[in-house]
Amino acid sequence: MLLKFVKMQGAGNDFIMIDNRAGLVSDTIKSELAAKLCPRAVSIGADGMIFLEDDAEYDAKWDFFNADGTSAEMCGNGARCFGLFAKSLNIFDSEFVFRTIAGPISVNISGESRARVKLTDTPSLKKIKELDVAGIEVDVYSINTGVPHAVIAVADIEDLDIMKLGAAIRYHKEFEPTGTNVNFISKVGDEVAIRTYERGVEGETLACGTGSVAAAIVAGVEYGITPPVAVITRSGDTLNISYTVGEEGNRNIYLEGPAVIVYEGEVLL
């Protein structure tokens, strides 16, 4: 069977998009399919796979899988791509709401290749002081922005072994049993530069939307940068994040940035 797909990317975070409203791909093979099609060089290559499906309550729902086939609750860059993908299928005009494991996400499309998503509220930021990471003591901020994130402020974002430190924090006992995504940030003028080690990809990605949201919130505490916050991703694209601080966490969280269709194709199952 030939399965149609669309390859998309948002700030360098890339995804395989599948219109599964007809149920051609069953739930039992989605994880396996993602693990087979996401590896680079030997297949299509992507950071994750997203299935668009009908929903009884919202405009649509997604089923999101990381590159290793594990299910993910939320992805900010994926959400923007999902919005533009749905628009390309004429499911909606410029605004719609879709279901995720993390909760309903609203999307607003502005132009041909830009989208703004409203994310779910977050709990309060937690700071873990002097966490032992690979023999080094570091201060780590922890927050769930739809998925768990650790954020570490560093003096020089280029001068770090992200694979070693990222993996050490991702699998640290402090974040058991599910682990965490790991973000390293530095202040660049009034903006924030970020590098992310993503759980499920098990390596550095060119961007992470929910990680950038976590970085923006930490930047308010660590650097005194007030929203909206411009976060410079590894791809060079900038994501704009706004939020308000509440008594029990952060509210009215919006993530805006690019999202484009790279190409369309078919793959033989």
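Kindly indicate whether Ala155 is part of a loop (DSSP other than H, G, I, E, B) and small (Gly, Ala, Ser).
In short, yes.
Among the residues of the stretch 6-42, write down those that are touching a residue at least 40 places away in the same chain (Cβ under 8 Å) and within 29 Å of Ile232 (Cα to Cα).
Val6, Lys7, Met8, Gln9, Gly10, Ala11, Gly12, Asn13, Asp14, Phe15, Met17, Leu37
For the stretch 223-241, give me the residue count where each residue is within 17 Å of Gly76 (Cβ to Cβ), over 16 Å from the mean Cα position of the chain (by Cα) and not aliphatic (A, V, I, L, M).
Looking only at that region, the number is 2.
Restricting attention to the stretch 180-198, which residues are part of a strand (DSSP E or B), surrounded by 21 or more Cβ atoms within 10 Å (Cβ to Cβ) and β-branched (Val, Ile, Thr)?
Result: Val182, Ile185, Val192, Ile194, Thr196.
Taking strands (runs of 3 or more DSSP E) that do not extend beyond the stretch 1-115, which have at least 1 residues that are exposed (fewer than 14 other Cβ atoms within 10 Å of the Cβ)?
Correct list: 2-10, 95-100, 103-109.
If Gly23 passes every condition in (1) on the phi > 0 side of the Ramachandran plot; (2) touching a Pro at 6+ places or on another chain (Cβ under 7 Å) but one, which one does it miss?
(2)
What single numbered condition from (1) under 20 Å from Asn66 (Cβ atoms); (2) modelled with pLDDT under 95; (3) surrounded by 15 or more Cβ atoms within 10 Å (Cβ to Cβ) fails to hold for Pro177?
It fails just one condition, (3).
Test each condition in (1) in a loop (DSSP other than H, G, I, E, B); (2) under 23 Å from Pro123 (Cα atoms) for Val201 and report the one that comes out false.
Condition not satisfied by Val201: (2).
Within the stretch 145-166, work out how many residues are surrounded by fewer than 19 Cβ atoms within 10 Å (Cβ to Cβ) and touching a residue at least 12 places away in the same chain (Cβ under 8 Å).
The total comes to 7.
How many residues does the stretch 242-269 hold that are assigned to a strand (DSSP E or B) and more than 30 Å from Met1 (Cα to Cα)?
So the answer is 15.
Residues checked against (1) under 25 Å from Thr178 (Cβ atoms); (2) of a type outside the set (Gly, Ala, Ser):
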| position | (1), (2) |
| --- | --- |
| Phe51 | yes, yes |
| Gly69 | yes, no |
| Asn90 | no, yes |
| Leu119 | yes, yes |
| Pro123 | yes, yes |
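Let me confirm something: among Ser242, Ser186, which residue is under 24 Å from Val117 (Cβ atoms) and among the small types (Gly, Ala, Ser)?
Of the residues listed, the single one that is under 24 Å from Val117 (Cβ atoms) and among the small types (Gly, Ala, Ser) is Ser242.
For Val138, all conditions in the list (1) assigned to a strand (DSSP E or B); (2) at pLDDT 95 or above; (3) within 17 Å of Ala215 (Cβ to Cβ) hold save one; what is the number of the exception?
Going through the list (1) assigned to a strand (DSSP E or B); (2) at pLDDT 95 or above; (3) within 17 Å of Ala215 (Cβ to Cβ), Val138 breaks only (2).
Please verify whether the stretch 244-254 includes one or more residues that are of a type in the set (A, V, I, L, M, F, W, C), farther than 13 Å from Ile143 by Cβ and in contact with a Gly (Cβ under 9 Å, 6 or more places away or on another chain).
The answer is no, given that none of the residues of the stretch 244-254 is of a type in the set (A, V, I, L, M, F, W, C), farther than 13 Å from Ile143 by Cβ and in contact with a Gly (Cβ under 9 Å, 6 or more places away or on another chain).
Please specify each residue of the stretch 66-95 satisfying the condition of being within 21 Å of Gly257 (Cα to Cα), without any contact (Cβ under 8 Å) to a residue 60 or more places away in the chain and within 19 Å of the chain's Cα centre (by Cα).
Hit for the stretch 66-95 is Ala86, nothing else.
The values are calculated or read from the model by the stated rules, or taken from the named source; none is laboratory data. The structure presented is a predicted model; accordingly, all values stated were derived computationally and were not measured. Glycine also receives a Cβ, built like all others from the backbone with ideal geometry; neighbour counts cover every protein chain displayed.
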